[in-house]
Amino acid sequence: MQPFTTHTGNVAPLDRANVDTDQIIPKQFLKRIERTGFGQFLFFDWRFLPDGSADPAFELNQPIRQGASILLARRNFGCGSSREHAPWALDDYGFRAVIAPTFADIFFNNCFQNGMLPVKLDEADVDELFRRAAAAEAAGHPYRLTVDLRACEVRDDGGFTRSFAVDPFRRHCLLEGLDNIGLSLKHVDKIAVWEDAHGLAPLQGGEIG
Amino acid sequence: MPAPRTLLDKIWDDHLVCSPDGEQPLIYIDRHLVHEVTSAQAFEGLRVAGRRVRRPEATFATPDHNIPTTDRRLPIADPISKQQIDTLRSNCREFGVRLFDLGDADQGIVHVIGPELGITQPGMTIVCGDSHTATHGALGALAFGIGTSEVEHVLATQTLRQSKPKSFEVRVEGELHPGVTAKDLVLYLIGRLTTEGGTGYVIEYTGPCIRRLGMEERMTVCNMSIEAGARAGMIAPDQITFDYLRGRDLVPKDFDRAVAQWATLPSDAGARYDRSETFSGGDVVPQVTWGTNPAQVVGVDASVPDPASMADPSDRSSASRALEYMGLESGTPIAAIPIDRVFIGSCTNSRIEDLRAAASVVRGHTVSSRVRAMVVPGSGRVKRQAEAEGLDRVFTAAGFEWREAGCSMCLGMNPDTLAPGERCASTSNRNFEGRQGKGGRTHLVSPAMAAAAAVAGHFTDIRQWRYL
């Protein structure tokens, strides 16, 4: 998994609450059997008009937001389905981090599995970031932020600095780009102990590793 | 004397494999349910890393999301769907996982066949790459949805990294009035809790109104817990649970011994929940969603709300947007809204009792000429039982299409979809924009309400229905 340490990039503000996974990646695109290639379908129904051309009204289609790598959203981001295709699509499109006041649980977990960082900040702080983004864009340039997982901080170069909380183990895995399954298999002896204590037959052919 | 524990505490404690310093705990997974949409990449990951499925006997697969609900002896028309289903088949064969395939008598929606076959049992941890895995909590299991990477982790290790969720007691006093169903109850609760009220929690439903529910009704309630943000919803097992499970295919051979053990699961008196809310079943009337998330819901006797009356600015803008998408005006009585399609099906409401309820509404009536209506039983077993009871003939005589088991029109991933602008009375669980088809307008209701709407051509209060 690609590590996440510190990322500085342009922000795409998506001023909507309750952005659900059906909008992030509509179901007709879940038929692929690969993990890659979902970026072209991100926010498909919002991004494209019925004739297939880009909808100029959609936030992410605005020229000033091209190349953005940090998504700024409102509460309950990623609600709905467990589809990991949602973070896959965001990642493949180019986003490395999503900042919102709250996230739906399953989407939140799925981000960490893919080296993407979901950052929870207070509503008031998210409001402030939307204001700063609007000001920057009004002045003709994208808004830029640094998301620093080492220091657990979000910063801009206009004096905004806020700490965010993140589970220490998840932080460690992201910083190091660790293989989650490999890490868990270090505990395979304890898994076998649990199975034995619960009356499960030992595995055929020894342990898997 | 150990501290009193909730059902969640008991299952958590029993399944904790290890909690190493500085790491998230590992919990053991008793049952892993698999379907075609979220497993291909997981099996591929195993293959690339040279790993096997640790416990094939704990893993059960079925195709449900992507499959047509018409004649399944014909090849699947969509080549990408076909590839995904073929991939599930070859993965199950390669990794030794039991597959209830198309053509198998017991194939069906994964959250219908689990309980039906006795795969789901009290006290178990159950996961699946699908958010409505919460359904299995109705039998007193800790059951929740996971993403594809976690599917791969469970396949490889039979465990999951989890931090213990917080517990939320949702207590429902009293009882449901006639015509008001478990579906109405859970829609009402979601309306009160909001789509993120349960985030971070596992909900345990308690109280006399919940105890009165039958097993299929409990599944409907637990199924939609995710729509309130809670990954899992649980109902402690009792005699209703044990009677439901007795005799099913995969329950323990020494069933009475299992029952004695399961009977120790309910939350102890005095057990502490992180949060508790109490509701009254008698407050619930038949519900209809008007918007584009399940919490945007009102009683059938009410009207489409006015966004200007909402206190929170973000609720106001969501509601305005929703009304525009749904083609609705504030103040329109719900019972005046005409519909184009009716879908009775999905893991929320496609079991035999749902079909009986819909059939009793429909019997002797005819589907409105403006409506195209379909019934999709949740599994091969449900379909056969419904046919043995003659329910299929009640539906087809009235003008419904009677289909094969699958997720169907709950999500427009298979051929069953809404055309843009079509308005549907649906017994499914999500009314997000485009869920049933791009531009499709979904209203969530109970099976009886959907059946009545099919006949009337518009939403109508089931409590005043003329049964023939």
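The values are calculated or read from the model by the stated rules, or taken from the named source; none is laboratory data. None of these values were measured; they are calculated from a predicted model. As a convention, Cβ positions derive from the backbone with ideal geometry for all residues, glycine included, and neighbour counts pool all protein chains shown.
In region B:10-38, what residues are under 23 Å from A:L174 (Cα atoms), more than 9 Å from chain A (Cβ to nearest Cβ) and buried (at least 22 other Cβ atoms within 10 Å of the Cβ)?
Selection gives B:I27 alone.
Here's the yes/no breakdown for (1) in contact with a Leu (Cβ under 6 Å, 6 or more places away or on another chain); (2) within 11 Å of chain B (Cβ to nearest Cβ); (3) aromatic (F, W, Y); (4) in a loop (DSSP other than H, G, I, E, B):
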position: A:H7; (1), (2), (3), (4): no, no, no, no
position: A:I33; (1), (2), (3), (4): no, yes, no, yes
position: A:G67; (1), (2), (3), (4): no, no, no, yes
position: A:P87; (1), (2), (3), (4): no, yes, no, no
position: A:D92; (1), (2), (3), (4): no, no, no, no
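Restricted to region A:9-31, and to residues that are part of a loop (DSSP other than H, G, I, E, B) and within 19 Å of B:Q41 (Cα to Cα), which residue is modelled with the lowest pLDDT?
Checked region A:9-31; the qualifying residue modelled with the lowest pLDDT is A:K31.
Just to check your reading of the model, which residue among B:V297, B:V304 is at pLDDT 95 or above and under 24 Å from the mean Cα position of the chain (by Cα)?
B:V297 is the lone residue from the list that is at pLDDT 95 or above and under 24 Å from the mean Cα position of the chain (by Cα).
Pick out, from region B:70-183, the strands (runs of 3 or more DSSP E) lying fully within it that include 3 or more residues that are in contact with a Gly (Cβ under 9 Å, 6 or more places away or on another chain).
By residue number, B:125-128, B:142-145, B:166-173.
Give the residues of region B:180-198 that are under 20 Å from A:R75 (Cα atoms), in contact with a strand residue (DSSP E or B) (Cβ under 8 Å, 6 or more places away or on another chain) and hydroxyl-bearing (S, T, Y), sorted by residue number.
Within region B:180-198, B:T195 is the sole residue that qualifies.
For region B:323-404, list the helices (runs of 4 or more DSSP H) that sit wholly inside it and hold at least 1 residues that are aromatic (F, W, Y) and in contact with a helix residue (DSSP H, G or I) (Cβ under 8 Å, 6 or more places away or on another chain); which are they?
B:391-398
Suppose we filter B:G437, B:G421 for residues that are more than 20 Å from the chain's Cα centre (by Cα) and in contact (Cβ under 8 Å) with a residue 12 or more places away in the chain; which single one remains?
Residue meeting the stated conditions: B:G421.
From the list B:T120, B:T69, which residue is more than 13 Å from chain A (Cβ to nearest Cβ), in contact with a Lys or Arg (Cβ under 9 Å, 6 or more places away or on another chain), surrounded by fewer than 24 Cβ atoms within 10 Å (Cβ to Cβ) and hydroxyl-bearing (S, T, Y)?
Step by step, each of B:T120, B:T69 is checked, and only B:T69 is more than 13 Å from chain A (Cβ to nearest Cβ), in contact with a Lys or Arg (Cβ under 9 Å, 6 or more places away or on another chain), surrounded by fewer than 24 Cβ atoms within 10 Å (Cβ to Cβ) and hydroxyl-bearing (S, T, Y).
Collect the residues in region B:1-42 that are out of contact with any strand residue (DSSP E or B) (no Cβ under 9 Å at 6 or more places or on another chain) and not β-branched (V, I, T), keeping them in residue-number order.
Of everything in region B:1-42, those that are out of contact with any strand residue (DSSP E or B) (no Cβ under 9 Å at 6 or more places or on another chain) and not β-branched (V, I, T) turn out to be B:M1, B:P2, B:A3, B:P4, B:R5, B:K10, B:D13, B:D21, B:G22, B:A40, B:Q41.
Kindly establish whether B:S320 is in a helix (DSSP H, G or I) and surrounded by 15 or more Cβ atoms within 10 Å (Cβ to Cβ).
yes
Can you pull out every residue in region B:1-38 that is of a type in the set (A, V, I, L, M) and part of a strand (DSSP E or B)?
B:L16, B:V17, B:L26, B:I27, B:L33, B:V34
Just to confirm my filter: which helices (runs of 4 or more DSSP H) fall fully inside region A:150-209 and include at least 1 residues that are in contact with a strand residue (DSSP E or B) (Cβ under 8 Å, 6 or more places away or on another chain), away from every other protein chain (no Cβ under 11 Å) and buried (at least 16 other Cβ atoms within 10 Å of the Cβ)?
A:168-176
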